[in-house]
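Presented below is the structure to which this report refers.
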Amino acid sequence: MKYQPVIGLEVHVQLKTSTKIFCGCSTQFGASPNSQTCPVCLGLPGALPVLNKKVVEFAIKAGLATHCTIAPRSVFARKNYFYPDLPKGYQISQYELPICEHGHLDIEVEGVGKRIGITRIHMEEDAGKLVHSDVPGLGSGSGVDLNRACTPLLEIVSEPDIRTADEAVAYLKKLHQIVVYLGICDGNMEEGSFRCDANVSVMPVGSDKFGTRTETKNVNSFRFVKQAIEYEIERQIEVNEEGGKIHQETRLFDPDSGTTRSMRGKEDAHDYRYFPDPDLVPLVISNDWIEDTRLALPELPEAKLARYQEELGLSLYDAEVLTASRQLAEYYEGILASGSQAKIAANWVMGEVTRGLNDNGLDIEQCPVSPEVLAELLALIDKGTISNKIAKTVFDEMWKSGKRPEEIVAEKGLVQVSDTGEIEKIIDEIMAANMGQVEEFRGGKEKVFGFFVGQVMRASKGKANPAVVNDLLLSKLKG
Amino acid sequence: MEIFELTVHELHEKLKKKELSSVEATEAMLGRIEATDGKVNAFITVCNEEALESAREADKRIAEGRMDILTGIPIALKDIFLTKGIRTTCASRMLGNFIPPYDATAWIKLKERGAVLLGKLNQDEFAMGSSCESSAFGTTRNPWNQECIPGGSSGGSAAAIAAQQAAATLGTDTGGSIRQPASHCGCVGLKPTYGRVSRYGVIAYASSLDQVGPMTRDVRDAAIMLGAVAGHDPLDSTSVERPVPDYLGSLLPDVKGLKIGLPKEYYIEGLDPDVKKAMELAIETYRGMGAEFIDISLPYTDYAVACYYLIATAEASSNLARYDGVRFGHRSGKAGSLIEMMSRSRDEGFGAEVKRRIMLGTYALSSGYYDAYYLKAQKVRTLIMQEFLKAFEKVDVILTPVAPTPAFKIGEKTSDPLQMYLSDIFTIPVNLAGTCGLSVPAGMSSDGLPIGLQLIGRPFGEEAIIRAGYAFEQATEWHKKKATI
């Protein structure tokens, strides 16, 4: 029998606010355990949550960028369960009335477009974490670090519209790109800033009744998502083929073996006893707030891609490369803002800049040559001050020394010679020293023209303006 | 008159005129606590040294002319208010050794005005009870008759006033926990509108119902204390941004033309005859002063107790989840595994009534029961709110008994939780409606136990009930009666 997989994804996006969702503690990653805590995020008796407005703003941004409806009134709810990393014994989340609903993302896999529905986006707080070894002073015990407790998360839940692991990865990459573009998430998957749970089921092809699904938890790279989903599809098909039954359960992905294993079954599923949190008043969002946020949204990758092709005349490939990350696109647009030509700037970013970054293992934000300074270099080429070839030498020097291009050109005497008198003098000398070839040219052997160009350029140490050299040489050789 | 018998405003006058120092007043109170608390057990913790230190500070402040109405006044707090560096137990074994690292906002407000903290007062465990019998630190006894309960949950806060151990106290009221003990102990108790006073740093029982309020010797003191603690707190999202009126301006002994509602559901068969008599006398007193009475009906009153015990316990089951032995509070020494540590710590740390309410609330929120219990209770609550608002279209205040009976005997109702729950039948609707209520001494039973009347105001209508309560007090002598210990 042929099977059709059905996949839905739940993505947790850690928001890049400087303080936590319900208190003023810092969200900085990597501080010493429990150093970023207060009565609220420690869940001390009597402490009360106060909503961080920035989190709401970020949630609205995410909702607008994924075509969701923003709820004018949403409600925080308590999700009750006991765990040592959950200080209050409940997580403040949203349940019946989330902030965003009914959105979608358009993806493309091997040239085929598809729309994936987004059921809802809601805000919630993260839990702390348990440290099981190497805890100073605890010996063999476990420690609780609550620095992460109460950091803001968005949970973005897709419709079960995804059918293959590749679609799942395309959806995740798109979502990742959007939240990073929006500047609401640092996108760091290794540190857990963007993590995914995958709901997978299979049904016979042609059926419209979904099979029993499993939920695979915390898959924290695109590659692992693909592996986990593919493994799970294969496993479920196998169970079905052998006449077995898929159990509704939570599974855990093991990156070492690329497999999933059962974590807890349906019978052990929690009854979270959700109810509206009486410590927080319902969140009311005005239309003005939504519209102001919409106006302040950055240009999103989809729109940028279209604009780069239509307005800047770039190829699809160039536009895709340049819009892959907001930082790269901003770098590129920084060069354009300083007056450079779109295509030339694109070639430089995708050529010299990218090569420099790769060779040195740097991100675009760490590029030692700022877009404004690179634009100065491109302007020198445009004006004819230096040739494209010399410019590459200058660029290397800029990268190493941090000096401005004019400075390097002046210091090293790299200014292109366009002075006809000076070039004529060189041509005369070379013609005088190579009378044989002059005769050959005049005798109709035009191939020797290249020889003269090479000689002149060498004599000028590459600084002679090639166009001027061509013109003068031609008229002199023709006599 | 002894120093410990003075009201807040009388003490203030003496401090201002330098007839008395805060140290003298504080010493008098500490002496009184020492002499009487063996019998009353109003205090869980007495802060002798800290109190004298603050009194010296206050005297300095008075000498420098930086005096506030509460500067140098010895007060005490229900042990539900977090006090930095001072043990805060909520009358539970769970928090038997808990020293908070921060202060409740209400306490900060009193402290900034120079009030002197004498100590922390007994209560029902986690404010769950109507008699102070569920305290892990022993029952508080009614100063009027030590065989009787003082009421609850703020029993210690009421008993300390009646036993003249503090000039004023703060309590909390979730279903009557300020007004009912005030009535049983013959003092004034004010439950403000929900959102009027910050709950930050007050250990939560039922978050949508809990409210902080004063317990005092007279209505003027209640107005002073409310004015001091009321107001928006950026740390409590449910506290309301609304200016705090000058409650002292409402102290006018004039109720001419005041429309007082009498809800028939509160004057029922089975009301204790002494309570009934006190209410009849009160009505007569008001009528004599020119108030107008209007019969009203609040038909959802019958559902209030059931509604309350679903909402309050549901919230409590979640609020008390943080006591798991992991970060603070009692941790069982007998546990092998994590789950065992958590469940044993809770088993050993919580008393029977707290466990009963956690189980009730957990059940009410459980999948499959939520709609039938919690959600339905919320709908009933909305109806109760609406019927109060409707009543206030016709009347200015509502007059009812505080409790159906005077204080009952210790042990009388401990074996019958339902009977115990019904003792809050007249106070619970006010919490569900989120509005304000005032308990004022209005009579004595044939057994010599105090009886209070309740004035209910519209939301943020504290001024109206303070005025009506003050007028009654001016016309009667009940608030001047003193328990003898």
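Some points to look at:
- Hydrodynamic radius (Kirkwood) for the protein assembly as shown, which is based on Cα pairs only, to one decimal in Å: 33.2
- Estimated translational D of region A:337-479 in µm²/s (Stokes, Kirkwood radius over Cα pairs; 4 °C; 1.567 mPa s): 77
- Here is the list for region A:186-259: chymotrypsin sites (Phe, Trp or Tyr not before Pro) lying in DSSP coil, each with at most 15 other C-beta atoms within 10 angstrom of its C-beta, are A:Phe210.
- Inter-centroid distance (Cα atoms) of region B:138-197 relative to region A:365-411, Å: 81
- For region A:351-432, average projected area of the Cα convex hull in nm²: 6.4
- Take the Cα of B:Glu393, step 7 Å toward its Cβ, do the same at B:Lys264, and the gap between the two points is 1.9 nm.
- A:Glu310/A:Glu234 FRET efficiency (R0 60 Å; Cβ-Cβ; nearest 0.05): 0.90
- Vicinal HN-Hα couplings computed from phi for region A:464-479 (Karplus, 6.51 cos²θ - 1.76 cosθ + 1.60; Hz; Gly/Pro x): 5, 5, x, 5, 5, 4, 4, 4, 5, 4, 4, 5, 6, 5, 5, x
- Note on region A:299-411: Cα-only Rg and Dmax are 13.8, 44 Å.
- Semi-axis lengths, Å, region B:209-315, gyration tensor of Cα atoms, sqrt of 5 times eigenvalues: 29, 25, 13
- Kirkwood Rh and Cα Rg combined as Rg/Rh, region A:3-288: 0.97
- Modelled label positions at B:Lys334 and A:Thr420, each set 7 Å beyond Cα in the direction of Cβ, lie 10.8 nm from each other.
- Stokes-Einstein D for region A:266-332, Kirkwood Rh over Cα pairs, 4 °C, 1.567 mPa s (µm²/s): 80
- Cα gyration tensor category, rounded, prolate or oblate, for region A:393-445 with a/c compared to 1.5: prolate
- By the helix-only formula, in which each DSSP H run with n ≥ 4 contributes -39500 (n - 2.57) and the sum is divided by residues, chain B has a 222 nm mean residue ellipticity of -11500 deg cm²/dmol.
- The peptide list A:147-157, B:13-23, put in order of mean Cβ contacts within 10 Å with the highest first, becomes A:147-157, B:13-23.
- Taken residue by residue and averaged, Cβ atoms of other chains lying within 10 Å of the Cβ of B:322-333 number 4.
- Under-5 Å amide H pairs with B:Ile294, H placed in peptide plane, nonlocal only: B:Ile260, B:Gly261, B:Leu262
- Taking 16 Å as the straight-line reach from the Cα of B:Lys191, the lysines in range (excluding those fewer than 8 positions away in the same chain) are B:Lys78.
- Protection proxy ranking of B:193-202, B:50-59, by the mean of other Cβ atoms within 10 Å over each peptide's residues and highest first, is B:193-202, B:50-59.
- Relative protection proxy for A:121-132, A:100-111, from highest mean packing down: A:121-132, A:100-111 (other beta-carbon atoms within 10 angstrom).
- Computed on the Cα trace of region B:1-67, the radius of gyration divided by the Kirkwood hydrodynamic radius gives Rg/Rh = 1.00.
- At R0 = 45 Å, FRET efficiency that the Cβ-Cβ distance of B:Lys84 and A:Asn287 yields, to 0.05: 0.55
- q = 0.10, 0.14 Å⁻¹: log10 I(q)/I(0) that the Debye formula gives for region B:3-253, counting C-alpha atoms only: -0.40, -0.82
- Under 17 Å from a label point set 7 Å out along the Cα-to-Cβ vector of B:Ile294, no amide N atom of region B:366-381 is found.
- Scaled radius of gyration (Cα, divided by 2.2 N^0.38 Å) that chain B gives: 0.91
- Put the Cα centre of region B:397-472 next to the Cα centre of region B:261-330 and the gap is 6 Å.
- Here region A:146-181 is scanned for amide nitrogen atoms under 20 Å from the site 7 Å beyond the Cα of A:Glu110 along Cα-to-Cβ, giving A:161-174.
- Applying a DSSP loop filter and a limit of 15 other Cβ atoms within 10 Å to the GluC sites (Glu not before Pro) in region B:345-446 leaves B:Glu393.
- Here the Karplus curve 6.51 cos²θ - 1.76 cosθ + 1.60, taken at θ = phi - 60°, turns the phi angles of region B:256-265 into couplings of 4, x, 5, 8, 10, x, 10, x, 5, 5 Hz, with x standing for Gly and Pro.
- Sequence-distant contacts, meaning Cα pairs under 8 Å at least 6 residues apart, place the relative contact order of chain B at 18 percent.
- Whether region A:420-478 is rounded, prolate or oblate, judged on the alpha carbon gyration tensor where a/c under 1.5 counts as rounded: prolate
- Peptide A:48-56 is shielded by partner chain Cβ atoms: per residue, an average of 3 of them sit within 10 Å of its Cβ.
- Label-to-label distance, nm, for residues given as B:Ala352 and B:Met1 (7 Å Cα→Cβ offset): 4.3
- For region A:150-284, size of Cβ-based charge dipole, Lys and Arg +1, Asp and Glu -1, in debye: 120
- A convex hull fitted to the Cα coordinates of region B:102-196 yields 104 cubic angstrom per residue.
- Span-rule helices in chain B, defined as complete DSSP H runs reaching 18 Å or more along the axis (Cα) with Kyte mean at least 0.0: B:301-319, B:352-365
- Centre-to-centre, using Cα atoms only, region A:42-59 and region B:1-23 are separated by 43 Å.
- Rounded to 0.05, the FRET efficiency of the A:Thr354 and A:Ala459 pair, given R0 = 41 Å and the Cβ-Cβ distance, is 0.75.
- Between 0 and 90°, nearest 10: helix A:448-459 axis offset from chain A longest Cα axis: 80
- Rg(Cα)/(2.2 N^0.38 Å) for region B:145-236, N = residue count: 1.03
- Using the Cβ of B:Pro214 as centre and a radius below 14 Å, the other residues enclosed give a net charge of +4, where K and R count +1 and D and E count -1.
- Based on every Cα atom in region B:301-380, Rg and the maximum pairwise Cα distance Dmax equal 14.8, 49 Å.
- Average partner coverage of B:223-236, which counts Cβ from other chains inside 10 Å: 1
A short reminder: the numbers here are calculations on the coordinates, not readings from a lab. Bear in mind that the values here come from a model prediction, so they are computed numbers and not experimental data. Positions of Cβ are generated from backbone atoms using ideal geometry, with glycine treated the same way; all protein chains shown enter the neighbour counts.
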